[in-house]
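A.B. asks: The structure that follows is given in the form of structure tokens.
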Amino acid sequence: MTGKKSKAWVGVDFDGTLAKHTSGKHDPKKVGEPVERMVSRVRRWIKQGKTVKVFTARADDEISVNAVKKWLKDNDLPDLEITNIKD
């Protein structure tokens with residue numbers, strides 16, 4: 001470690017945790033309906049001042065990232081960081 005201390009954050013998986021899995025062939029633009037209990041939990045964490053990131057394999061693809069960002073906005077969540085990298 002370089003001595004640089006990272007800020008703690010909560011990672012929330014997207015597909016199957018924050019959003020329901022979609023059926024059929026993978027489409028980077030297709031996202032599932034919200035899992036309401038997790039959406040509420042994320043809102044609560046944010047209200048408590050916690051840093052929340054969406055941790056997903058979709059972070060490697062710009063089309064998928066944009067779909068997740070739109071999903072967050074459509075479900076009244078802030079523009080959370082989307083990542084697949086642990087720090």
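A.B. asks: In the neighborhood of N66, defined by Cβ-to-Cβ distances under 12 Å, what is the net charge if each Lys or Arg adds +1 and each Asp or Glu adds -1?
C.D. replies: It works out to a net charge of +2.
A.B. asks: What does the charge count around R41 come to, taking other residues whose C-beta lies under 11 Å from its C-beta (Lys +1, Arg +1, Asp -1, Glu -1)?
C.D. replies: Result for the local shell: +4.
A.B. asks: Can you tell me the dipole magnitude for the chain around its Cα centre, using point charges on the Cβ only (Lys, Arg +1; Asp, Glu -1), in Debye to the nearest 20?
C.D. replies: Rounded to the nearest 20 debye, it is 420 debye.
A.B. asks: In whole percent, and with a 1.4 Å probe on the protein chains, what portion of the accessible area of the chain is carbon and sulfur?
C.D. replies: Reported share for carbon and sulfur atoms: 51 percent.
A.B. asks: Hey, another quick one. With a 10 Å cut-off between alpha carbons and a GNM built on the chain, which of K29, K69, K53 moves the most?
C.D. replies: K29
A.B. asks: Add -39500 (n - 2.57) for each DSSP H run of 4 or more in the chain, then divide by its residues: what number comes out at 222 nm, to the nearest 500 deg cm²/dmol?
C.D. replies: -9000 deg cm²/dmol
A.B. asks: Mind sorting out which of [x] 87; [y] 139; [z] 98 is the real volume of the Cα convex hull per residue in Å³ computed from the coordinates?
C.D. replies: Label [z] holds the value from this structure.
A.B. asks: Taking only pairs that are 8 or more places apart or on different chains, how many Lys pairs in the chain have Cα atoms under 13 angstrom apart?
C.D. replies: 10
A.B. asks: Moving on to the next point. Can you pull the one-decimal nm distance between simple spin-label points at S40 and E62, each 7 Å off the Cα toward Cβ?
C.D. replies: Each label point is offset 7 Å from its Cα along the Cβ direction, giving 3.9 nm.
A.B. asks: Identify which of G49, G24, G32 has the largest mean-square fluctuation in a Gaussian network model of the chain, with springs joining Cα atoms closer than 10 Å.
C.D. replies: In this elastic network of the chain, the residue with the biggest mean-square fluctuation among G49, G24, G32 is G24.
A.B. asks: For the chain, modelled as a Gaussian network with Cα springs under 10 Å, which listed residue fluctuates most, V68, V35, V54?
C.D. replies: Of the options given, V35 has the highest mean-square fluctuation.
A.B. asks: Indicate, rounded to the nearest 5 percent, the antiparallel portion of the DSSP beta bridges found entirely in the chain.
C.D. replies: Details: 1 of 9 bridges.
Counting DSSP beta bridges with both partners in the chain, the antiparallel share is about 10 percent.
A.B. asks: Tell me, in nm to one decimal, what length is gained between S23 and K86 on full extension, where the rule is 0.36 nm per residue of separation less the Cα-Cα distance?
C.D. replies: 19.9 nm
A.B. asks: I'd like to know which of G32, A59, P78 lies farthest towards the positive end of the charge dipole of the chain, counting +1 on Cβ of Lys and Arg and -1 on Cβ of Asp and Glu.
C.D. replies: Ranked along the dipole, the leading option is P78.
The values are calculated or read from the model by the stated rules, or taken from the named source; none is laboratory data. Predicted, not measured: the structure shown is a model, and the values here were computed from it. Cβ: placed from backbone, ideal geometry, glycine included. Neighbour counts: every protein chain shown. What goes into the accessible areas is simple: the full protein's heavy atoms, side chains included, and nothing from ligands, DNA or RNA. Shrake-Rupley method; radii C 1.70, N 1.55, O 1.52, S 1.80 Å.
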